[in-house]
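K.L.:
Please see the structure below; I have some questions.
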Amino acid sequence: MAQAEETRDRLATAHGISPDAIELVPVTASGDKVQDRSLAEIGGKALWTRELDAWLAEGRIDGAVHSLKDVETLRPPELALPAILPRADKRDRLLGAASISALPQGAVVGTSAPRRAAQLLHLRPDCRVVTFRGNVATRMAKLAAGEVDATFLAAAGLQRLGEDGVGHPLDPEDWLPAPSQGAIGVECRAGDLRVQDLLAAIDHTPSRVEVMAERALLAGLGGNCHSPIAVLCDGTMVTAALFSPDGAEKVWGQGSDPAALAADLLARATPGIAVHFSGPPG
């Protein structure tokens, strides 16, 4: 809802209208309904888009606001993405310790993200990862209750909820974020040119360039919700790392051409990494 409110306010400012003229329609996604298993086990990223896609198709809403890191790489042709908002902080924050190296020996760390689990185990194979889902407040409460020693949250999500001082930011030089992390996207029906034009007024070109490069890399890799991939685009330079799920194997690379970088990473990937990537579509 914080993301929807930001979108509404930007639209109102761009078009010189009252925010009250834009109706926010709450939708509970499947990903919010099932909290005891990882997304990879119950359907992947489609769990965050399924209901909103249906409501767009039925005409019940004109636009759908998404955290783009939770949106499938390949989307239905019936949908358009006319707006990507200015990207917020791309980093992860660690809660429960000041740094990865400061985690106690054998620490129990909660996360349901294959990327975070693999990166952690690559740096700290002594740690134990347990499935940890829920919204920001739920995960912070579980940490406070001592269910785990530490966990990760996206800095952007914390900022949007007014929790900017929570946790310790992890340097992207050492800990790469998820593709599209910190980016809000607004989809609409591809045939609805009026809504596309309205939404295009709040599109942020530099953020679009970065996000589309990261999503192009994902498409070239053929990754899915089981695939431990970390990536960061800074301007036109893409840095990416692929891992085996246990963190024991890693391949890293940089480049300005996402397709070429994907091909290079796959060519150098060990069998334990490559099995989790299918390559480009077709």
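The values are calculated or read from the model by the stated rules, or taken from the named source; none is laboratory data. Worth saying up front: this structure is predicted, and the values here are computed from it rather than measured. With ideal geometry, Cβ positions are generated from the backbone for all residues, glycine too; neighbour counts draw on all protein chains shown.
K.L.:
Take Asp36 and tell me if it is modelled with pLDDT under 95, surrounded by fewer than 17 Cβ atoms within 10 Å (Cβ to Cβ) and outside the structural domain of Lys142 (by TED's automatic domain parsing). Show your work before the answer.
P.N.:
Numbers: modelled with pLDDT under 95: yes; surrounded by fewer than 17 Cβ atoms within 10 Å (Cβ to Cβ): yes; outside the structural domain of Lys142 (by TED's automatic domain parsing): yes.
Yes.
K.L.:
Checking the condition within 20 Å of Ala248 (Cα to Cα), of a type outside the set (S, T, N, Q) and out of contact with any Ser or Thr (no Cβ under 8 Å at 6 or more places or on another chain), which residue from Leu121, Leu158 passes? Walk me through it before giving the result.
P.N.:
Numbers: Leu158 fails: within 20 Å of Ala248 (Cα to Cα).
Unique residue meeting the criteria: Leu121.
K.L.:
Could I ask something else about it? Given (1) crowded, with 22+ Cβ neighbours inside 10 Å; (2) touching a strand residue (DSSP E or B) at 6+ places or on another chain (Cβ under 7 Å), where does Ser180 come up short, assuming only one miss?
P.N.:
Going through (1) crowded, with 22+ Cβ neighbours inside 10 Å; (2) touching a strand residue (DSSP E or B) at 6+ places or on another chain (Cβ under 7 Å) one by one, Ser180 breaks only (2).
K.L.:
Would you say Ser112 is part of a loop (DSSP other than H, G, I, E, B), over 21 Å from the mean Cα position of the chain (by Cα) and under 25 Å from Thr239 (Cα atoms)? Before you say what the answer is, go through the steps one by one.
P.N.:
Numbers: part of a loop (DSSP other than H, G, I, E, B): yes; over 21 Å from the mean Cα position of the chain (by Cα): no; under 25 Å from Thr239 (Cα atoms): yes.
For Ser112, the condition - part of a loop (DSSP other than H, G, I, E, B), over 21 Å from the mean Cα position of the chain (by Cα) and under 25 Å from Thr239 (Cα atoms) - is not met.
K.L.:
hydroxyl-bearing (Ser, Thr, Tyr) and either modelled with pLDDT of 95 or more or surrounded by fewer than 22 Cβ atoms within 10 Å (Cβ to Cβ) (or both): is that true of Thr73 in this structure?
P.N.:
Values: hydroxyl-bearing (Ser, Thr, Tyr): yes; either modelled with pLDDT of 95 or more or surrounded by fewer than 22 Cβ atoms within 10 Å (Cβ to Cβ) (or both): yes.
Yes, satisfied.
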